[in-house]
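Asks: Would you mind keeping the following structure in view while I ask a few things?
The values are calculated or read from the model by the stated rules, or taken from the named source; none is laboratory data. This structure is a prediction, so every number in the text was calculated from the model and none was measured. A quick note on method: Cβ atoms are made from the backbone with ideal geometry, for glycine too, and the neighbour counts reach across all protein chains shown. The area values use the complete protein model at the heavy-atom level, side chains included, leaving out ligands, DNA and RNA. Shrake-Rupley method; radii C 1.70, N 1.55, O 1.52, S 1.80 Å.
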Amino acid sequence: KRRAEKTEVAEPPNSLPHAAPSLPTKPALYSGPFPFYRRPSELGCFSLDSQRQYHGDARALRYYSPPPTNGPGLNFDLRDGYPDRYHPRDEEVREGLDHLLRWLLEHRDQLEGGPGWLAGAVVTWRGHLTKLLITPYEQQEGWQLAASRFQGTLYLSEVETPAARAQRLARPPLLRQLMYMGYKFEQYMCADKPGGSPDPSGEVNTNVAFCSVLRSRLGSYPLLFSGEVDCMAPRAASTQPPTCYVELKTSKELHSPGQWRAFYRHKLLKWWAQSFLPGIPHVVAGFRNPEGFVRSLRTFPTMEMFEHVRNDRHGWSPSVCVNFCAAFLSFAQSTVVQDDPRLVHLFSWEPGGPVTVSVHRDAPYAFLPTWYVEAMTA
Ligand code: A3P
Ligand code: MG
Ligand code: MG
């Protein structure tokens, strides 16, 4: 009920058109108790190969294989192989929700949750939900999410903003190399087989991905989302996904207390949001020196990340993030009323402003592919 108030607008004078509803994003508006978030469970998985081809299995899953010691001697050269052994994914290809929809199509008859569960669910990528979670604190990059309702289900698919596209096309060489280094770190830390050893001599091909498909629920909103998983720990306390999964990250080496503070305020918020959603319990960070060598590792338990900012006036709050996400889902559910795969409500947000909505039909915004709509209708 509180949520309905937030999006309510004053009755406009008779002569003016109704103001479109919008959703505010200020953190202070979302500082209630932490809402219910169902323990995420894995429904299945799929893999994308070096050609970005879909396979309905775990062939791209890698296994966590850290070096024997995290001390002197650790020396991963993250620039090694750049650019000659780098095969970056073609970012001009707009995949939308396609891979996830293919998984869903192939498993729609085996979904748990009872008949009609899917019709009440929100289907999206984990990465889109991550962006929603951090929105109240984000001051740099806006987002656009396209939403369509089809057979009851609400589908959310990100649209690259013109600013993000311009930035991507003008990405400076150093930033390109930094992106490579994040993937290179994965190669030093992962083996292809359980119990195997990493082989950093090969190519880094960012077409390859292992994706987990998860079920959860935020408040009263059932969720089905998929997220890329870096690796699984073969000897984790629990071998059951998603708790056996490990997220890998790199960061600049930190020295002063001020640098750590900034890291906790900004980077750890993103790491927390990304891993909290699928219930991945550990993030392993490699700290690189200015020459691009990782010389130390540190494990951050996802559920302890907030402790680093709990007493920080400029820190972030998990409840604010999750309450905002719930408010957005409520806003989207009540805005997208018509069931029509060709109709798109485009939710747009820029830092400092509220989330606004515009309505579109067909190209270029419609994102549910004909093959999916037809197969689901048959
Ligand atoms: P980092 O771990 O160093 O961030 P992920 O950590 O989500 O598994 O992503 C692996 C790597 O992809 C990242 O390494 C980074 O290099 C690159 N990457 C992911 N998202 C990115 C983004 N939004 N912008 C730039 N690089 C990104
Ligand atoms: Mg990853
Ligand atoms: Mg990672």
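This table checks each residue for (1) touching a helix residue (DSSP H, G or I) at 6+ places or on another chain (Cβ under 6 Å); (2) at pLDDT 95 or above; (3) under 30 Å from Asp90 (Cβ atoms); (4) within 12 Å of ligand 1 (Cβ to nearest atom).
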residue: Glu186; (1), (2), (3), (4): no, yes, yes, yes
residue: Lys193; (1), (2), (3), (4): no, yes, yes, no
residue: Ser201; (1), (2), (3), (4): no, yes, yes, no
residue: Tyr221; (1), (2), (3), (4): yes, yes, no, no
residue: Pro241; (1), (2), (3), (4): no, yes, yes, no
residue: Glu247; (1), (2), (3), (4): yes, yes, yes, yes
residue: Ser275; (1), (2), (3), (4): yes, yes, yes, yes
residue: His282; (1), (2), (3), (4): no, yes, no, no
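Asks: Another one. Looking at Leu129, Leu105, which is the one that is open to solvent by less than 70 Å² (accessible area, probe 1.4 Å), within 25 Å of Gln51 (Cβ to Cβ) and not in a strand (DSSP E or B)?
Replies: Details: Leu129 fails: within 25 Å of Gln51 (Cβ to Cβ).
Just one listed residue meets the conditions, Leu105.
Asks: Further question on the same structure: Among residues belonging to the stretch 267-304 that are assigned to a helix (DSSP H, G or I), open to solvent by less than 20 Å² (accessible area, probe 1.4 Å) and more than 16 Å from ligand 2 (Cβ to nearest atom), point out the one that is farthest from Lys249 (Cα to Cα).
Replies: Filtering first and then ranking leaves Leu269.
Asks: Any residue that is within 16 Å of ligand 3 (Cβ to nearest atom) and among the aromatic types (Phe, Trp, Tyr) - is there at least one of those in the stretch 231-245?
Replies: So far as the stretch 231-245 goes, yes, one or more of its residues are within 16 Å of ligand 3 (Cβ to nearest atom) and among the aromatic types (Phe, Trp, Tyr).
Asks: Hey, another quick one. Has the stretch 175-182 got at least one residue that is in contact (Cβ under 8 Å) with a residue 24 or more places away in the chain, on the phi < 0 side of the Ramachandran plot and more than 16 Å from ligand 1 (Cβ to nearest atom)?
Replies: no
Asks: Give the residue, chosen from Asn75, Asn70, that is touching a Phe, Trp or Tyr at 6+ places or on another chain (Cβ under 6 Å), over 24 Å from Arg165 (Cβ atoms) and either open to solvent by 70 Å² or more (accessible area, probe 1.4 Å) or of a type in the set (A, V, I, L, M) (or both). First the steps, then the outcome.
Replies: On the way: Asn70 fails: touching a Phe, Trp or Tyr at 6+ places or on another chain (Cβ under 6 Å).
Exactly one of Asn75, Asn70 is touching a Phe, Trp or Tyr at 6+ places or on another chain (Cβ under 6 Å), over 24 Å from Arg165 (Cβ atoms) and either open to solvent by 70 Å² or more (accessible area, probe 1.4 Å) or of a type in the set (A, V, I, L, M) (or both), namely Asn75.
Asks: Can you give me the number of residues within the stretch 330-375 that are within 13 Å of Arg149 (Cα to Cα) and in a helix (DSSP H, G or I)?
Replies: Result for the stretch 330-375: 5.
Asks: Let me ask you something else. Pick from the stretch 234-266 the residues that are out of contact with any Ser or Thr (no Cβ under 8 Å at 6 or more places or on another chain) and within 15 Å of ligand 2 (Cβ to nearest atom): which of them is most open to solvent (accessible area, probe 1.4 Å)? Let's see the steps before the verdict.
Replies: As a first pass, look at the stretch 234-266 and keep what is out of contact with any Ser or Thr (no Cβ under 8 Å at 6 or more places or on another chain): 234-235, 238-240, 243, 246, 248-252, 254-262, 264-266.
Still in the list and also within 15 Å of ligand 2 (Cβ to nearest atom): 246, 248-251.
Values: Val246: 10, Leu248: 9, Lys249: 46, Thr250: 21, Ser251: 4 Å².
The residue in question is Lys249.
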